[in-house]
Amino acid sequence: MGAVTHGKTASGSARALPRIRVDRRRTLRRRSLALALVLGLATVARGDDPTVGENETWKLLRPVIGWIEQHRIEAGQTLHDVAFVHRLGFEAVRRLNPDLDPWLPGEDTVVRLPTRYVLPPAEPTGLVINLPEMRLYDFLDAPRTRVLAIAIGDREDPTPIKSFKVGPKQIDPFWKVPESIRRERPELPPLVPPGPENPLGTRWMTLGRTSYGIHGTNVRWSIGRGSTHGCVRLYEDVMQALFDRVPEGTAVQIVYAPYKWGRNGKDLLLEAHHDVYGRIPARFEAAMAVPKRLGLLAHIDIDRAWQVVEDAEGIPVVVGTLP
């Protein structure tokens, strides 16, 4: 196969997202301001917005799939191991279990697994990648939905937010190392052949006609982190299976939705994720945009919704009830 030439690709090492430390006094001040704003909005947002149709409501309040599972730690296991065993992202597991030491969680400790999801706010066709949650949604076998953990670009080299179609696919790609990466890592040769030292793994799918791609990896601990130079990578065996399912020309939507709203019967659920690229200065206002649009602010437990946004645990939480 020919060499994969792209200006942004996965580096050989994982760059972990920083852990958030919350200043409680500052948080309380911000919370008071946000609550005042939202409660003020609620006084003029009672009832349904007549401009919002059923189709838009369906698009904004997405279905909820899966359920929360658990894993009991065995001797010597870390949260990295737990993530790999279940093919989940490391950050997603860590954020759902913030009180556990990632390296020494303790034998017989019960770890919650992030295996329940609100579907992302995008057309449920082809492949949908939501960058803040670091997951790829595979809708190719609808009504079945596969949810796959991914690694994305770090803040210096973010993954592009746009729609593509799957371009050329390659098995055992060569990696033509971009000059930008060789400046960072001068020990790398100009061309890396297929094999265990190739960070592209054994499968590559081009995103449109760009230099970006979806590919495997030789660094499994990087999955579920902002650890690439803009590409999207998956666990190697997961990527091989995806490669076999996805034909060239398949639609790929890459979105940025840290706050997803779902409905389950009468329950309103909010799923919050970390703003990985720092794109949202007013987080709580952004999170409340959907219920505001739908005229549902009066039916939301504002205090609970605030806590969901602050914790950003990445699982759906009931925060209100449909009228």
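Quick notes
- Per-residue 3J(HN,Hα) values for the stretch 106-114, derived from phi via the Karplus relation 6.51 cos²θ - 1.76 cosθ + 1.60 with θ = phi - 60°, read x, 4, 6, 5, 8, 9, 6, 10, x Hz in sequence order (x marks Gly and Pro).
- Taking the 1.4 Å solvent-accessible surface of the stretch 213-323 as the whole, the part contributed by carbon and sulfur is 47%.
- Length gained on full extension, residue 142 to residue 279: 46.1 nm, using 0.36 nm per residue less the C-alpha separation.
- Residue-normalised accessible area of the stretch 243-323, given per residue in Å² at a 1.4 Å probe: 38 Å²
- Accessible area ranking (1.4 Å probe, heavy atoms, ligands and nucleic acids excluded), largest first, for 227, 180: 180, 227.
- Taking Cα centre as origin and charging only the Cβ of basic (Lys, Arg, +1) and acidic (Asp, Glu, -1) residues, the dipole magnitude of the stretch 64-148 rounds to 240 debye.
- Chain lengthening between residue 267 and residue 72 when straightened (0.36 nm per residue, less Cα-Cα): 67.2 nm
- Using C-alpha pairs under 8 Å with a sequence gap of at least 6, the mean separation divided by the residue count of the stretch 53-189 gives a relative contact order of 20 percent.
- If you plug the beta carbon distance of residue 240 and residue 81 into 1/(1 + (r/R0)^6) with R0 = 25 Å, you get a FRET efficiency near 0.75.
- For residue 145, the solvent-accessible surface computed with a 1.4 Å probe is close to 40 Å², ligands and nucleic acids excluded.
The values are calculated or read from the model by the stated rules, or taken from the named source; none is laboratory data. Owing to the predicted nature of the structure, the values given are computational and were not obtained by experimental measurement. Cβ sites come from the backbone with ideal geometry, for glycine too, and all protein chains shown count toward neighbours. Remember, those area values only see protein heavy atoms, side chains included, never the ligands or the DNA or RNA. Shrake-Rupley method; radii C 1.70, N 1.55, O 1.52, S 1.80 Å.
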